[in-house]
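See structure below.
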Amino acid sequence: MTLQRERAIQSMRTSLVRRVSPRVHMLGLVTITGGAGFVASYLLLHAGVRSMAVRYPVAAALGYAMFLGLVWVWLRRYRLKAQVRREHNRNHLDLDITEFPLDQLFSSAPAPADHFEGFGGGGGFSGGGGGSDWTDAPTSFNAAATVPHSGGGSASGGGGWDLDLDEGALWLVPIAIIAAVVLCVVAYVLYLAPTLFAELLLDAGLAAGLYRRLLRIERRSWLVTAVRNTAIPACFVAALLALAGAIMQGVYPDATSVGAVVRHLKESQVERTAP
């Protein structure tokens, strides 16, 4: 990643955090994605796909496609906006975001672009100040790239499982570990949300033909950026779901869903507690 691109992403990230709640938005997208995966699994089951080890990763793939579609809708609502100002014979570019009303969500009109005079006279990206008619002061490129790094989430078990693991329920341990890892992956995606959305906004704005003179910033497709940042977590979750499905169906071969597995567990519990 070039230095100018990194500065542009940091600028957009700061503006985005100030204007909206990217992690809350990402949580909404992930929640809808999970619901879409559940519906896909239900439809696949009724279509005759009884193997959980096959159905769950396929449902996860369909849910991921829904996620990318939701990201596209999000990018229709929030778009890149830039303003160029001239100071000391140099041009400076400030970036911000524009929020489109819901009734204009699928409008093909681009975000309004200010006149761009070029980077003559040794121009560059710098920051500062005023001269802007935006409600909030624009974030400029001299902001330090201080995106915090996380050491990863920690998962803690705490549920009230009333199961005797000495009675053949030890297979629940890997299932619990898988569930905890999936939650950690979701937490990672939520942590990544501000930087990811900022990069997507920048790529969508440049790829849409806005600010064509900004050739010094590396341009990419927003879809490539989204897939590059989320495909590995999505594949990891799909693999974990396949493993969980294989374990559960290996223990209860006639079970075709998590609900059926829960019923088997309840029946086993009743049989063990019966006098």
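Structure notes:
- Once the stretch 14-51 is narrowed to residues that are among the small types (G, A, S) and open to solvent by 40 Å² or more (accessible area, probe 1.4 Å), the residue that is farthest from the chain's Cα centre (by Cα) is G48.
- Subset of the stretch 231-275 that is in a helix (DSSP H, G or I), open to solvent by less than 40 Å² (accessible area, probe 1.4 Å) and not aliphatic (A, V, I, L, M) - its residue that is farthest from L170 (Cα to Cα): P233
- Hits in the stretch 247-269 - residues which are hydroxyl-bearing (S, T, Y) and farther than 17 Å from L45 by Cα: S268
- Flag if L80 is aliphatic (A, V, I, L, M) and assigned to a strand (DSSP E or B): yes
- Within the stretch 1-23, residues that are more than 15 Å from D96 (Cα to Cα) have Cβ atoms under 8 Å from residues that are surrounded by 16 or more Cβ atoms within 10 Å (Cβ to Cβ) and not aliphatic (A, V, I, L, M) in these pairs: Q4/F125; Q4/F141; R23/Y191; R23/P194, counting only partners at least 6 apart in sequence or on another chain.
- Boolean, S11 is open to solvent by less than 50 Å² (accessible area, probe 1.4 Å) and touching a strand residue (DSSP E or B) at 6+ places or on another chain (Cβ under 6 Å): yes
- Here the condition is being of a type outside the set (K, R) and modelled with pLDDT under 95; of A208, A238, it holds for A208 alone.
The values are calculated or read from the model by the stated rules, or taken from the named source; none is laboratory data. Values in this document were obtained by computation on a predicted structure and should not be read as measured data. Every residue, glycine among them, receives a Cβ derived from its backbone with ideal geometry; neighbour counts consider all protein chains shown. Note: accessible area is taken over every heavy atom of the protein model, side chains too, but ligands, DNA and RNA are not part of it. Shrake-Rupley method; radii C 1.70, N 1.55, O 1.52, S 1.80 Å.
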